[in-house]
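See structure below.
The values are calculated or read from the model by the stated rules, or taken from the named source; none is laboratory data. Bear in mind that the values here come from a model prediction, so they are computed numbers and not experimental data. As a convention, Cβ positions derive from the backbone with ideal geometry for all residues, glycine included, and neighbour counts pool all protein chains shown. Note: accessible area is taken over every heavy atom of the protein model, side chains too, but ligands, DNA and RNA are not part of it. Shrake-Rupley method; radii C 1.70, N 1.55, O 1.52, S 1.80 Å.
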Amino acid sequence: MGDYFALLMFPAVLLAVFMGIPVAFSLMGTALVFGLVTFEGAVIYQFIQKVESIASNFVLAAVPLFIFMGAMLERSGVAERLFEAIHLWTRRLPGGLALGTIVMCVIFAASSGVIGATETVVGLLAIPVMMKYAYDKGLIAGTICAGGSLGTIIPPSVVVVVLGPVADVSVGDLFVGMVFPGLLMATAYLLYILGRCLLDPAAGPRIPPSPDDPVLLAKLRITAVALLPPVALIFTVLGSIMLGWAAPTEAAGMGAMGAVVLTVLYRTFSLATLQQALLKTLKVTCMIMLILLAGSMFSGVFIGSGGVAVTEQLLEGANLGRWAMLVVFLAIFFVMGFFLDWISILLIFIPVFVPLVTGMGFDPVWFCVLFLIMIQTSYLTPPMAPAIFYLRGISPPEITLRHMFHGVIPFIALQIIILAVVMAFPQIVLWLPSKLLGFQ
């Protein structure tokens, strides 16, 4: 039984979480109890080492910078201008408002890196307009939830900044490797919305021409004013990483500065705005860092007490092929997403699964992108479904939970299809890093 003692850490921490104990304290408490039993007082020195390791990790300095960038962009006025400019071009199409909303989510996600920020800001702008033109309520809910969740798989993503160090994978490789899967996901959403509204025009009616519609030159001017600043910000952050000019943390610093500059240019900067953004940054960063430290303690005790070796023995005894094991790992992510938030799943399972996956001959960057797609899927899947909880907070009472649950189902199906495509063709993830970063 002693050899399998470490495996009891998983049910112990899950039990603590389901009892309502905060995730960070569940992880820390489990690590402390099992650590004392296994290593006695020596575990305290291991925990001190983990504190020093997290505190001195240069990559993790990008977390508060990306959160601050997203918080400033929420208040900068970028979203309002983007909304107007994009819908000038899409609203004549079937489902044009929903199509424009997905495009806007892609741009805003690539500018901010924070998942909830995209859904909240875009939802507040897009829901009233789509309701005005009698769009199907399920389509409205699904579009906002799915578009908002793109912040998981569209770089830069705070999830990836945390995932990289935990999985011992380059954050830069992950950022670049996410580009094609993220664009593939967004394209699938657009094709679904367009196809559905062609087959059922009442679900997303075209907006008829109006006498006060701007002429072509005015449209181009509005679009340029709205698009150029966020595109410049995206290039500053992602372009500098992809071209090898800056590390992710340095790029995040430039992005944070760029977000401040945008608020000044759009005349929305104030000391009150800055204070609100700083307070939000402090709260979210403290939460993430505390959970990250707790997860590091948990995985340290698990690995140190032989948990990974025992897991490998059990998997070998199961006589499953490596692809079957990969599917099992992804299924665990999906099921855990019903009950746990992304950072809990990441910290509990990634330190255990990544060495096993690498040992089976799979690429860890590719596996991490598959993990991100599964996290995005669980982000939409009830009962946890953070996307639906965000939507409930900003939607009118006419959009019920029933509409939301029905609305996200087609998008969940699309995400599973994209997952299968990325599994079947790993070069979708690995080709761009190999060309831009020399990653093998």
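Note on the chain: percent of Cα-Cα distances in each 20 Å bin, starting at 0 and stopping at the bin with the largest distance, equals 25, 56, 17, 1. On region 286-343, 71 percent of the accessible area sits on carbon and sulfur atoms, based on a 1.4 Å probe.
In this simple spin-label approximation, MET131 and LEU265 carry label points 7 Å from Cα along the Cα→Cβ vector, and these lie 3.3 nm apart. The calculated FRET efficiency for the pair ASP212 and LEU15, based on their C-beta separation and a Förster distance of 51 Å, comes to about 0.25. Contact order for region 50-176, expressed relative to its length and based on alpha carbon pairs under 8 Å spaced 6+ residues apart, stands at 28 percent. If R0 is taken as 25 Å, the Cβ-Cβ distance between MET287 and SER53 corresponds to a FRET efficiency of 0.85.
When the surface is traced with a 1.4 Å probe over the full set of protein chains, ARG322 keeps roughly 100 Å² accessible.
Other residues with beta-carbon under 11 Å from the beta-carbon of CYS197 carry, at +1 per Lys or Arg and -1 per Asp or Glu, a net charge of 0. Annotation note: trypsin sites (Lys or Arg not before Pro) in region 59-160 located in DSSP loop regions with a Cβ neighbour count of at most 13 within 10 Å are ARG92.
Considering only alpha-carbon pairs that sit under 8 angstrom and 6 or more positions apart, the relative contact order computed for the chain is 27 percent. To the nearest 10, the accessible area of PHE39 is 70 Å² with a 1.4 Å probe. Residues in region 119-226 average 37 Å² of solvent-accessible surface per residue, probe 1.4 Å, ligands and nucleic acids excluded.
With a 1.4 Å probe rolled over the protein heavy atoms of all chains, the accessible area of ILE417, ILE348 falls in the order ILE417, ILE348, largest first. Using +1 at the C-beta of Lys and Arg and -1 at the C-beta of Asp and Glu, which of ILE222, VAL354, CYS145 has the Cα lying farthest in the positive direction of the dipole of the chain? Comparing the listed Cα positions along the dipole, ILE222 ranks first. Atom-type composition of the exposed protein surface of region 4-97 places 70 percent of the accessible area on carbon and sulfur (1.4 angstrom probe). For LYS132, the aspartates and glutamates whose Cα comes closer than 16 Å to its Cα, not counting residues fewer than 8 places off in the same chain, are GLU84, GLU398.
Ligands, DNA and RNA excluded, the heavy atoms of SER344 present near 0 Å² of accessible surface to a 1.4 Å solvent probe.
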